[in-house]
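Before any comments, here is the structure.
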């Protein structure tokens, strides 16, 4: 914890995020995401990872790419929010938010992200 009472991020920040939240309805009644920023300049660590996957139906290996993010504990990010990497401009959908429990320190939030652009 910082001297001013703010929580500190444990992971090393590699970028800053903008968090978008909210939906609207278009003229045809379809739901659309809005670009309403609820927070900007959030320090975050984004790491792209790969995994080799095969199935019984198709034994040919495929490489799946996914991104894991970490932000400071207590950050206002929820499932289905969108986050924009301010360094690269990439936009991700937050599929899950989780945190490890720790008696000693407020653990960072883990974000399971899926790239949209």
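Here are the numbers for the structure shown:
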| item | result |
| --- | --- |
| Residues of segment 45-60 satisfying the condition of being surrounded by 10 or more Cβ atoms within 10 Å (Cβ to Cβ) and in a loop (DSSP other than H, G, I, E, B) | 54 |
| Residue match in segment 96-106 (condition: under 16 Å from residue 15 (Cα atoms) and in contact with a strand residue (DSSP E or B) (Cβ under 8 Å, 6 or more places away or on another chain)) | no |
| One residue from 16, 9 being surrounded by 14 or more Cβ atoms within 10 Å (Cβ to Cβ) and either outside any strand (DSSP E or B) or out of contact with any strand residue (DSSP E or B) (no Cβ under 6 Å at 6 or more places or on another chain) (or both) | 9 |
| Any hit, segment 21-30, residues being assigned to a loop (DSSP other than H, G, I, E, B), touching a residue at least 12 places away in the same chain (Cβ under 8 Å) and under 14 Å from the mean Cα position of the chain (by Cα) | yes |
| Tabulated pairs, segment 1-15, first over 13 Å from residue 42 (Cβ atoms), second in a loop (DSSP other than H, G, I, E, B) and at pLDDT below 55, C-beta under 7 angstrom, 6+ apart or interchain | 8/1; 8/2 |
| Failed item in (1) outside any strand (DSSP E or B); (2) surrounded by 10 or more Cβ atoms within 10 Å (Cβ to Cβ), with residue 68 passing the rest | (1) |
| Sole residue being at pLDDT 90 or above, within 14 Å of the chain's Cα centre (by Cα), assigned to a loop (DSSP other than H, G, I, E, B) and surrounded by 10 or more Cβ atoms within 10 Å (Cβ to Cβ), chosen from 40, 75 | 75 |
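Condition check ((1) in contact (Cβ under 8 Å) with a residue 24 or more places away in the chain; (2) surrounded by 11 or more Cβ atoms within 10 Å (Cβ to Cβ); (3) outside any strand (DSSP E or B)) across all residues:
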| residue | (1), (2), (3) |
| --- | --- |
| 84 | yes, yes, no |
| 88 | yes, no, yes |
| 93 | no, yes, no |
| 97 | no, yes, no |
| 101 | no, no, yes |
| 106 | yes, yes, yes |
| 112 | yes, yes, no |
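The values are calculated or read from the model by the stated rules, or taken from the named source; none is laboratory data. Here the structure is a predicted model, which is why all the values come from computation and not from measurement. Note: ideal-geometry Cβ built from the backbone for every residue, glycine included; neighbour counts use all protein chains shown.
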